[in-house]
Amino acid sequence: MKKASNGWSRYELLWLGLFSAVAVVLTLLMKDSFFGFTVFLTGVLCVVLAAKGKLMTYAFGMYNTFGYAYLAYTNGLYGEMLLNLLFFVPMNAVGFFLWKKHQSDGELEMLSMSARGLAAVAAICAAASLGLGFGLSFVPTQNSPYIDAITTVLSIAATLLMVKRFREQWLLYIVLNLFTVVLWIIRTAEGSPDGMLMIVMWSAYLVNAIYGYRIWSRGARQAQAQQAKGVAG
């Protein structure tokens, strides 16, 4: 993949420009708030930088975390709100320091999980989603409790894998983004003014998650090859 002079591939620059332009158009056509636009834009920057293994992902991620928590609150998605305020805020700080610690020549050292480890993560996520969804279903103003629960649990699991630098985070993000798109489609159908912009944002995240898995798979293989070379040496 050809790189621009600033170290970004042409695909990445095109991707950023495309979804930023879509966000501007939707904001103007739907008369959405400038605040909603900033949440969208920082979210896109955050996930693209994460796919590239760049520390700046956590700077944009912090703003996006607070902004998205507010939008979730105004749409009655309390699981999403609490997830962002109580988990993502501290994890942004933790992730920054862990990633900074495992940099080599400006590149993040990426890891890969075993099949058994990934299966255990999947089983835990399924059980936790059912439990949380059942609990949220008793909240009178809660919307889509089980979908909200799934996205909440997957977000926690994927973030933990992310700060630990496992490529399998992106598999969880793919599933998470699919469910979150469905969640905001439901909210849009029920009249949410922020719904369409959030659908586009999470669709952008889905595309990036697929790309991120590709990049991190390559990075994990390179790390394994370097370790094997070091052992052999």
**Between 0 and 90°, nearest 10: helix 89-101 axis offset from the chain longest Cα axis** = 10
**Item:** Cβ-derived FRET efficiency at R0 41 Å, A123 paired with R218, nearest 0.05
**Value:** 0.90
**Message:** Per residue of region 144-154, what does 6.51 cos²θ - 1.76 cosθ + 1.60 with θ = phi - 60° give for ³J(HN,Hα)? Whole Hz please, x for Gly and Pro, Karplus curve as stated.
**Reply:** 6, x, 6, 5, 4, 5, 4, 5, 5, 5, 5
**Evaluated over the chain, the Cα radius of gyration and Dmax, each in Å** = 18.1, 63
**Message:** So if I place +1 on the C-beta of Lys and Arg and -1 on the C-beta of Asp and Glu, and nothing else carries charge, what would the dipole magnitude of the chain be about its Cα centre? I want it in debye, nearest 20.
**Reply:** 940
**Prompt:** Helix 34-51: angle to the longest alpha-carbon principal axis of the chain, degrees 0 to 90, nearest 10?
**Reply:** 20
**Lys pairs, region 10-232 - Cα-Cα below 20 angstrom, 8 or more residues apart or on other chains** = 8
**Prompt:** What is the distance in Å between the Cα centres of region 163-201 and region 67-123?
**Reply:** 15
**Asked** Taking amide hydrogens as modeled 1.01 Å from N in the peptide plane, which residues meet the under 5 Å criterion relative to S9, leaving out close sequence neighbours?
**Response** A4
**Request:** Name the residue, out of M110, M56, M201, whose mean-square fluctuation peaks in a Gaussian network model built on the chain with Cα pairs under 10 Å.
**Result:** M56
**Ellipticity estimate at 222 nm from DSSP helix runs (n ≥ 4, -39,500 (n - 2.57)) divided over the chain, nearest 500** = -25500 deg cm²/dmol
**Item:** Dipole of region 10-232 [Lys/Arg +1, Asp/Glu -1 at C-beta], most positive-end residue of L14, Y70, N84
**Value:** L14
**Asked** Of A69, A120, A209, which is the most mobile in a GNM of the chain whose springs link Cα atoms less than 10 angstrom apart?
**Response** A120
**Item:** Shape of region 10-61, Cα gyration tensor, a/c cut at 1.5
**Value:** oblate
**Prompt:** What angle, in degrees between 0 and 90 and rounded to the nearest 10, separates the Cα long axis of helix 115-136 from the longest principal axis of the Cα atoms of the chain?
**Reply:** 20
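Please arrange T65, T38, T151 by how many other C-beta atoms lie within 10 Å of their C-beta, fewest to most.
The most exposed by this proxy come first: T38, T65, T151.
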**Complete:** Given trypsin sites (Lys or Arg not before Pro), DSSP loops and at most 10 other Cβ atoms within 10 Å, the longest exposed-site-free stretch of the chain is 32-233
**Message:** Using each residue's phi in region 168-176, evaluate 6.51 cos²θ - 1.76 cosθ + 1.60 at θ = phi - 60° and report the 3J(HN,Hα) Karplus result to the nearest Hz, with x for Gly and Pro.
**Reply:** 5, 3, 6, 5, 5, 5, 4, 5, 4
**Request:** Using per-residue counts of other Cβ atoms within 10 Å, averaged over each peptide, order 17-24, 154-161, 82-89 from highest down.
**Result:** 154-161, 82-89, 17-24
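Readers should treat all values here as calculations from the given coordinates under stated rules, not as data from a laboratory. A quick note: this is a predicted structure, and the numbers were derived from the prediction, not measured. Glycine gets a Cβ as well: all are built from the backbone with ideal geometry, and neighbour counts include every protein chain shown.
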